[in-house]
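Trainee: One structure is given below, represented as structure tokens, and several questions about it will come after.
The values are calculated or read from the model by the stated rules, or taken from the named source; none is laboratory data. As the structure is a computational prediction, the values presented were derived from the model and not from experiment. All Cβ positions, even for glycine, are placed from backbone atoms using ideal geometry, and neighbour counts span all protein chains on display.
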There are 2 protein chains.
Amino acid sequence: MAENYTLHEDPRSGNCYKIKLTAALLGLPLETRQYDILKGETRTPEFMAEVNPNGRIPVLQINDRFLPESNAACWYLAEGSALIPEDRFARAEMLRWMFFEQYSHEPNIATLRFWLQFVGEANLSAQQKAQIMAKRAGGAEALELLDGHLSAREWMAGDAPSLADIVLYPYTHVADAGGFPLSDYTNICAWIARVEALPGFVPMQ
Amino acid sequence: MAENYTLHEDPRSGNCYKIKLTAALLGLPLETRQYDILKGETRTPEFMAEVNPNGRIPVLQINDRFLPESNAACWYLAEGSALIPEDRFARAEMLRWMFFEQYSHEPNIATLRFWLQFVGEANLSAQQKAQIMAKRAGGAEALELLDGHLSAREWMAGDAPSLADIVLYPYTHVADAGGFPLSDYTNICAWIARVEALPGFVPMQ
């Protein structure tokens with residue numbers, strides 16, 4: 001029996017878009033239910049009781065079960081598909097870049113984009129402002145690492161597109177909005193074009 | 001032909017210990033090569049050229065190939081073992097908690113432990129000091145989520161110990177050193193005792 005997938009999301013979030021992109025590339029139908037994180041709609045008692053006690057989106061609903069964490073949701077959808085390499089080392093390399101994305105890339109690049117584009121620099125707290133320089137340095141370091149890795153290869157892990165490419169694409173391709181000039185990274189720019197040429201690709205809103 | 005595993009590590013790092021604990025529980029031989037991160041030994045040109053261009057440990061060396069990111073290394077070692085659930089949803093749930101560990105747990109709880117225990121509060125930069133309150137709040141939120149999740153279950157994902165337990169144990173069981181009083185979390189304390197009773201368990205140094 002086919003499963004029903006519902007994505008609990010804020011459409012501005014690249015973490016939510018990852019899951020939509022995975023579903024689109026795999027041709028899987030995905031319903032969506034939208035929340036405004038800036039209005040606190042994922043921090044209500046109802047949301048935290050029913051969808052995610054962590055108060056965060058995205059959450060992938062699979063029939064009546066709920067799966068938080070964007071990269072785990074992408075993995076669930078892609079199980080058994082070509083988006084997860086069969087080779088053991090390539091599969092671990094894919095996970096390497098997925099953990100890198102959550103630890104070294106998203107907290108710097110996505111957070112600066114969110115602060116500058118959606119919250120507005122004038123509205124940041126003193127604590128947030130104090131972190132901008134460190135996030136600028138960390139984000140640049142992450143982009144340099146990606147650019148170097150892509151200097152001798154077409155895809156992040158193995159020799160074909162995988163979830164590593166899908167989860168790194170969303171916040172990388174809008175890094176300019178966080179103040180990271182993408183034109184500095186020619187290998188990343190070429191890789192972005194390859195991702196966008198994949199059959200079934202859908203753009204971020 | 002059996003593979004040779006060498007862990008490039010700093011023994012004080014919980015991220016390195018995760019991999020040693022995984023290998024111990026699986027009965028896999030693991031050589032180690034040690035670096036002092038406080039002396040910058042993972043930021044030398046040689047290390048970045050040969051072991052990890054990211055300048056970070058741990059790195060799992062598998063014969064002549066190098067795999068950074070602690071949770072990816074644990075996955076590689078555990079492939080095909082009972083530490084990765086066979087059930088598709090339980091496997092994704094395991095990954096959910098592994099991504100949670102890297103995004104919401106480690107950057108708060110492990111970083112505060114590192115700052116307070118190894119760097120020393122007096123030696124922190126103004127930028128680091130400005131982050132203590134946010135990390136204290138984020139770490140407490142992560143521990144509350146774990147404690148709630150463990151209120152009705154013995155293990156983090158599925159009904160048996162998995163990598164989710166192994167990767168969350170290292171920095172959780174020493175959370176006191178970061179200023180998080182573990183005795184506040186009775187379900188976590190009971191779970192720590194279960195992890196430490198696993199056959200083959202080895203303690204952190």
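Trainee: Suppose the filter is within 11 Å of another protein chain (Cβ to nearest Cβ) and either under 27 Å from B:A130 (Cα atoms) or in a helix (DSSP H, G or I) (or both); does A:G139 pass it?
Mentor: When the stated conditions are applied, A:G139 does not pass them.
Trainee: Here are some residues: B:A134, B:A157. Which one is among the hydrophobic types (A, V, I, L, M, F, W, C) and at pLDDT below 95?
Mentor: None of the others qualify; the one that does is B:A134.
Trainee: Please go through segment B:73-105 and pick out each residue that is charged (D, E, K, R), part of a helix (DSSP H, G or I) and surrounded by fewer than 23 Cβ atoms within 10 Å (Cβ to Cβ).
Mentor: Hits for segment B:73-105 are B:R88, B:R91.
Trainee: Scanning segment B:31-65 for residues that are acidic (D, E), surrounded by fewer than 13 Cβ atoms within 10 Å (Cβ to Cβ) and not in a loop (DSSP other than H, G, I, E, B), which turns out modelled with the highest pLDDT?
Mentor: B:E31
Trainee: Here is a follow-up. Suppose the filter is surrounded by fewer than 18 Cβ atoms within 10 Å (Cβ to Cβ) and either away from chain B (no Cβ under 14 Å) or closer than 24 Å to B:A130 by Cβ (or both); does A:A130 pass it?
Mentor: Against the criterion (surrounded by fewer than 18 Cβ atoms within 10 Å (Cβ to Cβ) and either away from chain B (no Cβ under 14 Å) or closer than 24 Å to B:A130 by Cβ (or both)), A:A130 qualifies.
Trainee: Check B:Y185, B:Y171 and return the single one that is among the hydroxyl-bearing types (S, T, Y), in contact with a His (Cβ under 9 Å, 6 or more places away or on another chain) and closer than 30 Å to A:Q128 by Cβ.
Mentor: Going through B:Y185, B:Y171 in turn, the sole match is B:Y171.
Trainee: Would it be correct to say that B:G200 is more than 15 Å from B:G14 (Cβ to Cβ), within 14 Å of chain A (Cβ to nearest Cβ) and in contact with a helix residue (DSSP H, G or I) (Cβ under 7 Å, 6 or more places away or on another chain)?
Mentor: No; evaluated as a whole, the condition is false for this residue.
Trainee: Residue under question is A:D159, and the condition is that it be more than 22 Å from B:Q127 (Cβ to Cβ), of a type in the set (D, E) and part of a helix (DSSP H, G or I); does it hold?
Mentor: So A:D159 does not fit the description; no.
Trainee: Can you tell me how many residues within segment B:190-205 are in a loop (DSSP other than H, G, I, E, B) and without any contact (Cβ under 8 Å) to a residue 12 or more places away in the chain?
Mentor: 2
Trainee: Only residues in segment A:108-126 that are loosely packed, with under 14 Cβ neighbours inside 10 Å count as the first member; pair them with residues that are in a helix (DSSP H, G or I) and among the basic types (K, R), Cβ under 9 angstrom, at least 6 apart or cross-chain, and list the lot.
Mentor: Here the result reads A:E121/A:K129, each pair linking segment A:108-126 to a residue that is in a helix (DSSP H, G or I) and among the basic types (K, R).
Trainee: Is there a residue being of a type outside the set (S, T, Y), touching a residue at least 60 places away in the same chain (Cβ under 8 Å) and loosely packed, with under 15 Cβ neighbours inside 10 Å anywhere in segment B:139-154?
Mentor: Within segment B:139-154, none of the residues are of a type outside the set (S, T, Y), touching a residue at least 60 places away in the same chain (Cβ under 8 Å) and loosely packed, with under 15 Cβ neighbours inside 10 Å.
Trainee: Pull out all pairs, ordered by first then second residue, where Cβ-Cβ is under 7 Å, the residues are six or more apart or on different chains, the first lies in segment B:168-189 and is over 19 Å from B:I19 (Cα atoms), and the second is among the acidic types (D, E).
Mentor: As it stands, the answer is B:L182/B:D176; B:Y185/B:D147; B:N187/B:D147; B:I188/B:D147, since those pairs meet every condition given.
Trainee: Could I ask something else about it? Hey, any hits in segment B:73-80 for a residue that's among the acidic types (D, E), within 14 Å of another protein chain (Cβ to nearest Cβ), touching a residue at least 60 places away in the same chain (Cβ under 8 Å) and over 25 Å from B:L143 (Cβ atoms)?
Mentor: Checked against the condition, which is being among the acidic types (D, E), within 14 Å of another protein chain (Cβ to nearest Cβ), touching a residue at least 60 places away in the same chain (Cβ under 8 Å) and over 25 Å from B:L143 (Cβ atoms), segment B:73-80 yields no hits at all.
Trainee: Which condition from (1) touching a residue at least 60 places away in the same chain (Cβ under 8 Å); (2) within 11 Å of chain A (Cβ to nearest Cβ); (3) touching a Leu at 6+ places or on another chain (Cβ under 9 Å) is the one that B:L25 breaks?
Mentor: The number of the failed condition is (2).
Trainee: Which of (1) away from chain A (no Cβ under 11 Å); (2) touching a residue at least 24 places away in the same chain (Cβ under 8 Å); (3) out of contact with any strand residue (DSSP E or B) (no Cβ under 9 Å at 6 or more places or on another chain) does B:D64 not meet, given it meets every other one?
Mentor: (2)
Trainee: On to the next question. Residues that are assigned to a loop (DSSP other than H, G, I, E, B) and more than 8 Å from chain B (Cβ to nearest Cβ): does segment A:107-120 have at least one?
Mentor: Yes, because at least one residue in segment A:107-120 is assigned to a loop (DSSP other than H, G, I, E, B) and more than 8 Å from chain B (Cβ to nearest Cβ).
Trainee: Look at A:L146 and say whether it is in contact with a Ser or Thr (Cβ under 9 Å, 6 or more places away or on another chain), of a type outside the set (S, T, Y) and not assigned by TED's automatic domain parsing to the domain that holds A:I192.
Mentor: Here the answer is no, as A:L146 does not meet what is asked.
Trainee: Here is a further query. Name the residue that is farthest from A:M48 (Cα to Cα), counting only residues in segment A:9-30 that are of a type in the set (A, V, I, L, M, F, W, C) and not in a helix (DSSP H, G or I).
Mentor: Applying the filter and picking the extreme gives A:L28.
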